[in-house]
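Readers should treat all values here as calculations from the given coordinates under stated rules, not as data from a laboratory. Please read these numbers as outputs of a predicted model, since none were measured by experiment. Ideal geometry is used to build each Cβ from the backbone, glycine not excepted, and the neighbour counts take in all protein chains shown.
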Amino acid sequence: MKIIGLTGGIGSGKSTVLQLFQELGATIYIADIEAKKLMNNSKELVKEIKLLFGEQVYKNDELNTSLISSIVFSNNVKLKALNKIVHPKVKAHFKEFIENTKAEIVIYEAAILFESGSNKMCDFIITVTANFEEKVKRIRTRDGASKQQILERMKHQLEDDYKIKNANFVIRNNTIKDTKLQVSTINNLILKLDNY
């Protein structure tokens, strides 16, 4: 089994790339989605989050994601504190996940792969990037966010340069035709390579 870390900044099109790998037979794990599930279902985590942010971040036993996002994206200290309690739980959950799969390729998708230290558990890293204008357009379409809100979110992520420099492969996701070709090439290469 090969574990591939897939990362990239907001709006780079990680979901599209993930879907293309899935179509080629890869098993996928989306850290952000699993983290949200754990933040709702893990009694221990719920307790820690309430201690950190107050009871109001849960409404009818459900995490109020827009409230917690507005808190952490305007307060770096709170963001780091949240990550510190959530990431170890996600890593433990992922270890359990890979123990229960027989897939040849498992893609671990995380926007903050390097920041969370999750890159250390991957055999290969793929960074997805796109032109700045393309990223902004995608986020506006998807979230209805203003340019100011988008820039604010981007500020909290590592620069693309760092992610590119520390990746084994880079996918430039500007047109679907090119992206499909890049995904197919990388997938074939990974299947041929032995783990190192």
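Kindly put ILE28, ILE105 in sequence by how many other C-beta atoms sit within 10 Å of each C-beta, fewest to most. Walk me through the numbers on the way to the answer.
On the way: ILE28 17, ILE105 20.
Placing the least packed residue first, the sequence is ILE28, ILE105.
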Note: ASN131 to ASN83 extended length (0.36 nm per residue) minus current alpha-carbon separation gives 14.5 nm
Rounded to one decimal in nm, the spacing of the 7 Å Cα→Cβ label points at LYS50 and SER69 is 2.4 nm
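Please compare each pair in LYS120/LYS147; LYS43/LYS155; LYS37/LYS163; LYS91/LYS192; LYS135/LYS163; LYS47/LYS102 to a cut-off of 23 Å on the Cα-Cα distance and tell me which ones are over it.
Details: LYS120/LYS147 33 Å; LYS43/LYS155 32 Å; LYS37/LYS163 26 Å; LYS91/LYS192 27 Å; LYS135/LYS163 16 Å; LYS47/LYS102 34 Å.
Listed pairs above 23 Å: LYS120/LYS147; LYS43/LYS155; LYS37/LYS163; LYS91/LYS192; LYS47/LYS102.
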Counting only residues 5 or more apart in sequence or on a different chain, those whose built amide H sits under 5 Å from that of LEU6 are TYR108, GLU109, ALA110, ILE126
Expected max-MSF residue from GLN56, GLN157, GLN19 in the GNM of the chain (alpha carbon, under 10 Å) is GLN56
Of all trypsin sites (Lys or Arg not before Pro) in the stretch 102-163, the ones in DSSP coil with at most 11 other Cβ atoms within 10 Å are LYS102
GNM on the chain, Cα springs under 10 Å; top mean-square fluctuation among ASP61, ASP160, ASP123 goes to ASP61
Note on the stretch 1-139, DSSP bridge orientation, antiparallel percent to nearest 5 equals 10 percent
Residue separation between ARG172 and MET1 times 0.36 nm, minus their alpha-carbon distance, gives in nm 59.0 nm
Most exposed first, judged by fewest Cβ atoms within 10 angstrom, ASP143, ASP161 run ASP161, ASP143
Within the set ASN166, ASN60, ASN40, GNM on the chain using Cα springs under 10 Å gives the largest fluctuation to ASN60
Treating only Lys and Arg (+1) and Asp and Glu (-1) as charged, each at its beta carbon, one finds that the stretch 105-196 has a dipole about its Cα centre, in Debye to the nearest 20, of 320 debye
The stretch 1-78 and the stretch 156-196 have their Cα centres apart by a whole-number Å value of 22 Å
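Obtain the radius of gyration and the Kirkwood radius of the chain from its C-alpha atoms and give Rg over Rh. Kindly include the intermediate steps, with their values, before the conclusion.
Details: Rg = 17.2 Å, Rh = 17.7 Å.
Value, to two decimals: 0.97.
Ranking VAL77, VAL183, VAL46 by Cβ neighbours within 10 Å, fewest first, what do you get?
Working: VAL77 8, VAL183 24, VAL46 17.
Placing the least packed residue first, the sequence is VAL77, VAL46, VAL183.
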Per the rule of 0.36 nm per residue minus the C-alpha distance, extending GLN149 to ASP32 adds in nm 40.2 nm
Calc'd 3J(HN,Hα), the stretch 87-97, phi into Karplus 6.51 cos²θ - 1.76 cosθ + 1.60 (θ = phi - 60°), Hz, glycine/Pro = x, comes to 4, x, 5, 5, 4, 5, 5, 5, 4, 5, 4
Residues whose modelled amide H sits under 5 Å from the amide H of ILE171, counting only those 5 or more places away in sequence or on another chain, are THR127, VAL128, THR129
For the chain, longest principal axis from Cα atoms; helix 43-53 axis from its Cα atoms; angle between them, nearest 10 degrees, is 60 degrees
